[in-house]
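What follows is a set of notes on a single structure, which appears directly below.
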Amino acid sequence: MAYAFAPLREEDLELVQRWLLEPHVKRWWNDGSKNPYPDAEIADYRDAILGNDPTYRYVAHIDGRPIGILQHYRIADDPEYAEALALGEDAIGVDLFIGEAELLGRGHGPAMLRQFLREVAFPFHGLDACVIGPSVKNLAAIRAYEKLGFRPLREVHIDGERDPEFLMRVTAGALSSMQR
């Protein structure tokens, strides 16, 4: 299946807010670090649209239908986060969610993220390493990222977040050597 990624626009924010309130998204994205939720999260999205935040956000589509959000950023652009992760290398960070509940558990997460990394995030930053940090309690996401080739690094405690992140890493080379 082919996915398309369109840069997030102001007119997308109403749909994104609906997704952020969906129980399957809210469970993981309302981590206590941005309050009030989802308004503070939407404000961050708006800052990115305006170019005031170095996180690049995209709406993912299947056959023209918007289904979720992906974002990429250079870890070093947030010095506090970079210090907490202590990677020892320059890396890309990514996050995503599928907003439409009926599309969960159908393999879209790994496939969509693989395509996004290959076509958008790795070429944009020109870096070889990418990390993702799902909640240690989000076992479905951890399994999905393992299928994609992400390998565990360690648990990381981030100030303001309820749960530790389960930090995982993949390289552009490892990703390109995997089957589609």
Legend entry - Under 20 Å from Lys26, Cα to Cα: lysines that are on another chain or at least 8 residues apart: Lys34, Lys137
Inset, instruction - Please get the size of the charge dipole for region 1-66, origin at its Cα centre, with Cβ charges of +1 on Lys and Arg and -1 on Asp and Glu, quoted in debye to the nearest 20. - result: 200 debye
Legend entry - About the Cα centre, charge dipole magnitude for region 38-128 (Lys/Arg +1, Asp/Glu -1 at Cβ), debye: 500 debye
Legend entry - Under 5 Å, built H, 5+ apart or other chain: amide partners of Ala91: Ile75, Ala76
Inset, instruction - Give me the Kirkwood hydrodynamic radius of region 1-69, using the inverse of the mean 1/r over all pairs of distinct Cα atoms, in Å to one decimal. - result: 12.6 Å
Inset, instruction - Report, in debye and to the nearest 20, how large the dipole of the chain comes out about its Cα centre when Lys and Arg carry +1 and Asp and Glu carry -1 on their Cβ. - result: 880 debye
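Fully extended, how many nm does the chain gain between Asp163 and Ala4 (0.36 nm per residue separation, minus their Cα-Cα distance)?
So the chain would gain 54.1 nm between Asp163 and Ala4.
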Inset, instruction - Show the residues, 5+ positions off or on another chain, whose built amide H is closer than 5 Å to the amide H of Ile158. - result: Glu165
Inset, instruction - Please find the FRET efficiency linking Asp31 to Asp128, where r is the Cβ-Cβ separation and R0 is fixed at 25 Å, and quote it to the nearest 0.05. - result: 0.30
Inset, instruction - Pop out the Kirkwood hydrodynamic radius of the chain from its pairwise C-alpha distances, inverse of mean 1/r, in Å to one decimal. - result: 16.5 Å
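Can you tally the net charge around Glu165? Count Lys and Arg as +1, Asp and Glu as -1, for every other residue whose Cβ sits under 10 Å from the Cβ of Glu165.
Details: positive: Arg154; negative: Asp31, Glu155, Glu161, Asp163.
Value of the local net charge: -3.
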Legend entry - Probe 1.4 Å, all protein chains present, accessible-area order of Asp78, Asp12, Asp63, largest first: Asp63, Asp78, Asp12
Inset, instruction - Multiply the residue separation of Ala40 and Leu13 by 0.36 nm, subtract the distance between their alpha-carbon atoms, and state the gained length in nm to one decimal. - result: 8.5 nm
Inset, instruction - Would you mind computing, in nm to one decimal, how far apart the modelled labels at Ala82 and Val136 are, each placed 7 Å from Cα along Cα→Cβ? - result: 2.6 nm
Inset, instruction - Average the reciprocal distances over every distinct pair of alpha-carbons in region 119-163, invert the result, and give the Kirkwood radius in Å. - result: 12.3 Å
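What's the carbon and sulfur percent of the chain's accessible surface, probe 1.4 angstrom, rounded to a whole number?
Numbers: 4470 of 9100 Å².
Taking all protein chains in place, the chain shows 49 percent carbon and sulfur surface.
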Inset, instruction - Work out, step by step, the length gained on full extension between His24 and Met178: first 0.36 nm times the residue separation, then minus their alpha carbon distance; give nm to one decimal. - result: 52.6 nm
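Over region 1-154, average the accessible area per residue using a 1.4 Å probe and give it in Å², no decimals. Intermediate values should be presented prior to the final figure.
On the way: 7490 Å² over 154 residues.
Heavy-atom SASA per residue in region 1-154 reads 49 Å².
The values are calculated or read from the model by the stated rules, or taken from the named source; none is laboratory data. Just so we're clear, the structure is a prediction, and the values are computed from it rather than from any experiment. Cβ sites come from the backbone with ideal geometry, for glycine too, and all protein chains shown count toward neighbours. Quick note on the areas: whole protein, heavy atoms, side chains included, nothing else; ligands and nucleic acids left out. Shrake-Rupley method; radii C 1.70, N 1.55, O 1.52, S 1.80 Å.
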